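Participant: Here it is, the structure in full.
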């Protein structure tokens, strides 16, 4: 097939903000885990599928299977669908309140719209 580009498990985009390896990179509704450090305006590999320990809003308790969103401004993950948050996957482990990270399975899909 001549128009096939790639599997899409990860994509290279121009970093809209500086990001450290393992941090969330958010561009519009596209949200993934950075495969390496990148400065704003440079290429970054955004991983869209897989299971990751991600920086979360510390003052939240999670249960297994909850929908998980990323706050497009802070780039912290959350189980609360606040306005502008992007659905990225589900929690795969319980997380205590407080705790700095949560285990997330990225869904690899782009939502139709951000939370309202």
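Participant: Relative contact order for the chain: what percent, with Cα pairs under 8 Å and sequence separation of 6 or more?
Facilitator: 24 percent
Participant: Further question: When 68, 57 are ordered from fewest to most other Cβ atoms inside 10 Å of their Cβ, what list results?
Facilitator: 57, 68
Participant: Grab the Cα-Cα distance for residue 94 and residue 12, subtract it from 0.36 nm times how many residues apart they are, and report the gain in nm with one decimal.
Facilitator: Gain in length upon complete extension: 26.4 nm.
Participant: Additional query: Return one quarter of the surface area of the convex hull spanned by the alpha-carbon atoms of the chain, equal to its mean projected area, in nm².
Facilitator: 7.4 nm²
Participant: Roughly how many nanometres apart are two label points built 7 Å out from the Cα toward the Cβ at residue 74 and residue 61?
Facilitator: 1.9 nm
A short reminder: the numbers here are calculations on the coordinates, not readings from a lab. Just so we're clear, the structure is a prediction, and the values are computed from it rather than from any experiment. For neighbour counting, all protein chains shown are included, and Cβ atoms are generated from backbone atoms with ideal geometry for every residue, glycine included.
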